[in-house]
Amino acid sequence: MKILLVYPQNPESFWSFRHVLRLVGKRSAFPPLGLLTVAALLPREWQLRLIDTNVERLRDEDIAWADWVMLSGMIVHREAAREIARRCAALGRPVIAGGPLFTACHEEFPEIQHFVLGEAENVVDELVADLRRGEVKARYRAAELPDLAATPSPRWDLIEPRHYVTMPVQFSRGCPFDCEFCDIVAMYGRVPRTKPPERVIEELEGLRRAGWRDMVFIVDDNFIGHKKRVKALLGSLASWREATGTPIGFLTEASVNLADDDALLALMVRAGFKKVFVGLETPVPESLQECRKVQNAKRDLVGAVHAIQRAGLEVMGGFIVGFDSDPREIFRLQFDFIQRAGVVTAMVGLLTALPQTRLYARLAREGRLVARSLGDNTSAVLNFMPKLERSTLLAGYRELMQSLYAPEAYYRRVRTFLANWRPHGPRVRMAWSDVRAFAFSLWNLGLASRGRISFWRLFWSTLLREPAKFRVAMELAIIGLHFRRVAERL
């Protein structure tokens with residue numbers, strides 16, 4: 001059996017890093033972990049190819065080679081996935097589609113006849129048997145959520161790691177919190193399921209033996225959802241890094257209550273974590289109550305961010321405008337909040353109603369849904385009727401993003417972060433890609449940019465006063481160029 005696994009092209013977005021990838025000699029931020037895992041579930045004797053269209057072109061002869069095409073993607077990939085499905089249909093190759101896009105929106109794809117809905121582990125054996133018989137069903141959905149201890153290591157051999165900035169590994173699925181706008185609980189449940197630490201180490205060893213030395217993204221929706229188990233994993237990670245001497249570091253996503261646990265923070269830093277994405281959402285208490293972001297309510301969010309930074313982690317933040325409870329001055333409040341917290345990478349998005357969420361159901365009952373979600377956190381598009389005047393909300397959002405990523409405000413935020421942040425561990429050796437990116441920053445940010453005065457202020461103040469933080473300062477300066485261009489296109 002010949003199986004072609006295909007991942008659609010990422011549109012330009014906040015997390016695509018399209019504007020800086022070429023500077024570090026990469027083609028995409030990270031590979032498709034879902035397809036790599038599905039590939040590991042298929043029989044070893046089958047012939048498999050994986051084409052990530054962010055890295056290489058999908059040719060007609062690739063499609064014609066396959067007996068079946070397996071297609072995955074996120075909601076943001078809707079149109080790119082549709083085009084791939086059309087090409088497969090034109091060439092007479094059947095498609096089996098799965099992943100978040102098709103689990104939520106499979107009815108939008110009449111050109112695809114077969115779907116795996118939800119998590120794949122518990123249905124792959126049935127699918128494989130049907131493929132062998134030539135009797136593939138229209139729908140596959142497991143009755144129960146899978147035990148992640150049985151999930152095999154991804155098929156890293158199907159990709160070329162050097163094309164990517166970061167490698168993805170998963171420890172858990174599910175989140176104990178149930179925010180109204182989030183679809184994680186609907187897809188993966190409220191009780192976090194985890195892999196045993198030794199399984200995670202096995203996956204990381206596969207990457208290390210393949211020569212990977214850079215960052216690994218632990219892609220959990222809430223890494224600290226089960227604190228007892230995550231602490232056991234962190235101890236194993238720290239021991240593995242010390243035993244192997246690997247320079248691999250980690251980033252992940254976690255809820256803000258991470259700031260309450262000094263021991264957990266210390267373990268994360270010891271295990272090699274550098275960054276954490278936190279859903280901070282809004283400084284407006286009424287809006288936090290509205291969306292049931294209970295873990296953020298009744299706490300000093302700026303203080304929580306600073307506590308995580310002082311422990312040695314960079315906080316990347318998610319923020320939302322457009323809640324029913326937002327006042328008209330929400331844009332100024334968000335700007336001040338983000339600047340004071342020193343959240344350099346601030347993903348601010350308009351509230352969007354994703355399928356399967358309680359927000360979607362509520363707005364549907366209220367007759368306020370007007371369009372489907374694009375799945376892009378930073379597109380200036382609303383799919384519901386807001387309480388704030390629509391034109392005010394859209395104009396305010398654009399102005400907020402452009403203000404946040406204007407050079408002076410951005411570099412000031414970098415300096416605020418660096419003042420709070422305490423680096424740990426040995427200095428990382430610079431690779432050739434780092435040298436090239438640094439040379440680019442000197443030209444494009446220091447000479448050819450309208451923000452060059454602010455850049456040089458950051459450059460010299462960090463180099464002379466806190467040289468141990470200089471590399472991170474320059475990395476953030478370079479990444480900021482991508483965010484600035486995303487903001488300017490809104």
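In table form, for the structure just shown:
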read-out	value
Any hit, the range 434-457, residues being under 25 Å from W15 (Cα atoms), outside the structural domain of A346 (by TED's automatic domain parsing) and at pLDDT 95 or above	no
Test: residue in the range 116-133 that is free of Cβ contacts under 8 Å to residues at least 12 places away in the same chain, of a type in the set (A, V, I, L, M, F, W, C) and out of contact with any Cys (no Cβ under 6 Å at 6 or more places or on another chain)	yes
Selection within the range 188-209 - in contact with a strand residue (DSSP E or B) (Cβ under 8 Å, 6 or more places away or on another chain) and either of a type in the set (A, V, I, L, M, F, W, C) or not assigned by TED's automatic domain parsing to the domain that holds A254 (or both)	V200, L204, L207
Conditions (1) under 24 Å from the mean Cα position of the chain (by Cα); (2) closer than 22 Å to G73 by Cβ; number of the one not met by D178	(2)
Residue check, D178 touching a helix residue (DSSP H, G or I) at 6+ places or on another chain (Cβ under 8 Å), surrounded by fewer than 20 Cβ atoms within 10 Å (Cβ to Cβ) and part of a loop (DSSP other than H, G, I, E, B)	yes
Residues within the range 376-416 that are surrounded by 17 or more Cβ atoms within 10 Å (Cβ to Cβ) and in contact with an Asp or Glu (Cβ under 7 Å, 6 or more places away or on another chain), tallied	1
Test result for P152, within 25 Å of E56 (Cβ to Cβ), surrounded by fewer than 19 Cβ atoms within 10 Å (Cβ to Cβ) and touching a residue at least 40 places away in the same chain (Cβ under 8 Å)	yes
Matching residues in the range 40-57 - criterion: being without any contact (Cβ under 8 Å) to a residue 60 or more places away in the chain, surrounded by fewer than 21 Cβ atoms within 10 Å (Cβ to Cβ) and outside any strand (DSSP E or B)	R44, E45, W46, T53, E56, R57
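Conditions (1) over 23 Å from E389 (Cα atoms); (2) basic (K, R); (3) in contact with a Ser or Thr (Cβ under 9 Å, 6 or more places away or on another chain); (4) at pLDDT below 95, marked per residue:
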| site | (1), (2), (3), (4) |
| --- | --- |
| V284 | no, no, yes, no |
| K298 | yes, yes, no, yes |
| I308 | yes, no, no, no |
| G312 | yes, no, no, no |
| F319 | no, no, yes, no |
| R328 | no, yes, yes, no |
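The values are calculated or read from the model by the stated rules, or taken from the named source; none is laboratory data. Remember, predicted model here, so these are calculated numbers, not experimental data. Positions of Cβ are generated from backbone atoms using ideal geometry, with glycine treated the same way; all protein chains shown enter the neighbour counts.
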